[in-house]
Structure formats: structure tokens, C-alpha cells
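Down below is the structure, laid out as C-alpha cells.
Every number here is computed from the coordinates shown, using simple stated rules; none is lab data. The model shown is predicted, which means the values in this text are computed figures rather than measured ones. Heads up, the Cβs are rebuilt from the backbone with ideal geometry, glycines too, and the neighbour counts pull from every protein chain shown.
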Amino acid sequence: MDEKLAPFSREFRKFIQLQLISWGNLFSDQFPISLADYLLFHDETHKRLSEVDLERLKGKILEKFFQWGGRIEEIEGVERMEGGWIKRITLLPKGDGRIFRSNFLIFNSPLHRLSKLLGKKGRLLSKWEERIAPRYVLIPLFLGIREKVVPVGMKDLLVSILELNKPYEGGNLLFLSLSQKGDETEAPEGRRGLTVESLMDPEEWGPDSFAEHQKGVMKHLNHLFPFLEENIEFTNWDWANKQFSCWSYPHFHYETTSDFHWREGVVPNRILRKIYFTGIENFPYLGMEGEILGGLIVARQILERSSKRSI
């Protein structure tokens, strides 16, 4: 890719990389040109997708899932897991005393947080973890901002880099998402909801580094929005600080250490005989489409195994 982009300016090459990071969840130099082309024009696909009634589609999928005996549970962590080879899987979530039993188990969580859960069997994940690992954690900040200070031409997403030659951490790179005008479910009256996401090294997470990170983000925001303090209604950093320690926190950008093929998963969908994985590490470069594709593959695999067993 570097060779094919060599005739272009450094700024344009950086623009393409930022597009790839913002639409996919992968930080890498190993992008096929076909993937770059897809992601650069992803906004056209997104416009067509927005015409689909996603809530109705989600309802139909869940209805079918429940008809087949499926169950969905949101948990903060796992205390212990038993079985998984011949017997049914038993899962004990942390803290609440509940017990789940199932013939198949599907995890939708970051891959690097599954190893400890699987114990000795978690060593099977090591080769996958070597292929793809979290490079950045994405931290959201929520604002209610006056319409008059919104940058001209900003639509649903703005990617801003403050200093081109500096690392992306510390608020130097921001992803800004703006709610619909007049949507008071997202912001106080007279404001628009603005979600500001910034990148941080997961290994540096902590109270001291988090406070310093906030300063960098606010410096960048003050550069984008004149008189910011006079035009915002609320800020909320607490959500990310509380959620990051949760076992299933999904906001990561990944870095791969090996080549991968366009529209093929970086890691497999099946972890063990009855345990499946639909985290974004399967198809991180496809964003939401990758999550849907991973779920579809898992559904087909389970249906095939179930039909063979019934016969």
C-alpha cells in the first residue's frame, strides 16, 4: 500500500489512514488496496444502510433466536465456567448468584479478556492473541453543545488530528459524532448531543494518566470550538472510567502483526467445541458489518451442528 500511495502527499496518506482507523477498528499498515477503496467510500454504503429499519430488523432476528431456544444476557464478568466438551456448559457470572446452562455459548467480548476465563484451555487463544491485540482504547466524552459553534460542514462524523507528526494518544486524534438537530433525548434543550472519542494506550489506563488525557482532549476541543466553555451544557467522563474495567468493554482499536486477506477473518469464530466468539477481532476492519458477518457465520455453524446431532 505504501508503494502505491508513494506519489501522493504525506497529508493525503495520513487522510487515508485516518479513514481506515475511523471506519474499521484496525491500526495497521497491512491494508489491501481493495479494503482501502471500500472503507473510503463506506459513507455511501452507510447512507443506504440508514434507510433500513434497523430496529425492526433487530427485532426479527431476536424473535427467531428466541424461537430456537436462545437467550441473551449482559454480564460484567464471569466467575467460573464448567463443561464444554460433552456436557452442557455451565456459566457463573460474577456477583449476582445466577447460573446459566447451555448447549452452545457465544461470547461477544474482546478476545484478550477471554483467556483467563478459559483457564488452561485459554492457552489455545495465545496464537490468536499474537496475531491481533488492542492498540488503543477508545474513550468517549459526552457534551451538549450550542448549534452556533458547530464547525461548518460537520455532519454525523468528524475526524480531527491536531498535530500531524505526533502520536494519536493524549487527545491528538478525535472522532466527533453529532446528534440530529432538535433531538432532546441526546442533549438538553437548545443543544445538540456531541460524542467525542479519543484514543489511549490500554496499558496506561489509570487515574493519573486519565486526568492528563482529559487535558489533551479539552485542548483539542478548544481549538475546534471557539469559546467552548460558554457553549456546553454538560460533560460526562465517568461512564468510560467505570465501564473500562468491565469484562466486555468493547471500545478498542486493534493492531495486527500478520497479513490477513480481504473479507477473511483475522481469528476463527469457534474457540472450543461448543464455544463461539463474535467479537470485532474476527473482522475488525469491517466495523459493524464485520460484527454482523461474524454473527452470521456462528449462526450457520451452530445450526449445522444441531441438525447433525438431531439426525
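What the table shows:
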{"read-out": "Convex hull volume of the range 186-251 per residue (C-alpha atoms, cubic angstrom)", "value": "107"}
{"read-out": "The chain, helix-only ellipticity at 222 nm - DSSP H runs n ≥ 4, -39,500 (n - 2.57), divided by all residues, nearest 500", "value": "-10500 deg cm²/dmol"}
{"read-out": "Kirkwood-Stokes translational diffusion coefficient of the range 127-211, alpha-carbon pairs, 25 °C, 0.890 mPa s, µm²/s", "value": "166"}
{"read-out": "Kirkwood hydrodynamic radius (C-alpha pairs) into Stokes-Einstein, the range 249-297, 37 °C and 0.692 mPa s, D in µm²/s", "value": "290"}
{"read-out": "Global size of the range 202-287 as Cα Rg and Dmax, reported in angstrom", "value": "18.4, 57"}
{"read-out": "Segment S115-F15, length gained on full extension (0.36 nm per residue, minus Cα span)", "value": "32.4 nm"}
{"read-out": "From phi via Karplus (6.51, -1.76, 1.60), per-residue ³J(HN,Hα) for the range 230-236 in Hz, x at Gly/Pro", "value": "7, 10, 10, 9, 8, 9, 9"}
{"read-out": "Size of electric dipole in the range 130-189: Cβ of Lys, Arg +1 and of Asp, Glu -1, about Cα centre, debye, nearest 20", "value": "240"}
{"read-out": "The chain - convex hull of alpha carbons, volume per residue in Å³", "value": "167"}
{"read-out": "Paramagnetic reach from K219 in the range 146-184 [backbone N under 18 Å; point 7 Å along Cα→Cβ]", "value": "160-175"}
{"read-out": "Cα-centre dipole for the range 229-311 with unit charges at Cβ (Lys and Arg positive, Asp and Glu negative), debye to 20", "value": "1140"}
{"read-out": "Estimated dipole of the chain in Debye, rounded to 20 [Cβ of Lys and Arg +1, of Asp and Glu -1, Cα centre]", "value": "1860"}
{"read-out": "The chain: most fluctuating residue of L199, L157, L26 per GNM, C-alpha cutoff 10 Å", "value": "L157"}
{"read-out": "Proximal lysines to K181, defined as alpha-carbon separation beneath 24 angstrom and excluding residues fewer than eight positions away on the same chain", "value": "K47, K148, K155"}
{"read-out": "Whole-Hz couplings from phi, Karplus 6.51/-1.76/1.60, listed for the range 128-141; x for Gly and Pro", "value": "6, 5, 6, 7, 8, 9, x, 8, 9, 9, 9, 10, x, 10"}
{"read-out": "All lysines inside 25 Å of K94 as judged from Cα atoms, apart from same-chain residues fewer than 8 positions distant", "value": "K116, K120, K121, K242, K274"}
{"read-out": "Approximate spin-label separation N241-I99, in nm, with each point projected 7 Å along Cα-to-Cβ", "value": "3.9"}
{"read-out": "I61-R270 FRET efficiency (beta carbon distance; Förster radius 25 Å; 0.05 resolution)", "value": "0.75"}
{"read-out": "Directionally averaged shadow of the range 58-216, computed from the convex hull of its alpha-carbon atoms, nm²", "value": "14.4"}
{"read-out": "Length added when fully stretched, R300-T90, from 0.36 nm per residue minus Cα-Cα", "value": "73.3 nm"}
{"read-out": "Unit Cα scatterers, Debye sum, the range 138-282: log10 I(q)/I(0) for q = 0.09, 0.10, 0.17 Å⁻¹", "value": "-0.36, -0.44, -1.04"}
{"read-out": "In degrees, nearest ten, helix 54-67 long axis to first principal axis of the chain (Cα)", "value": "10"}
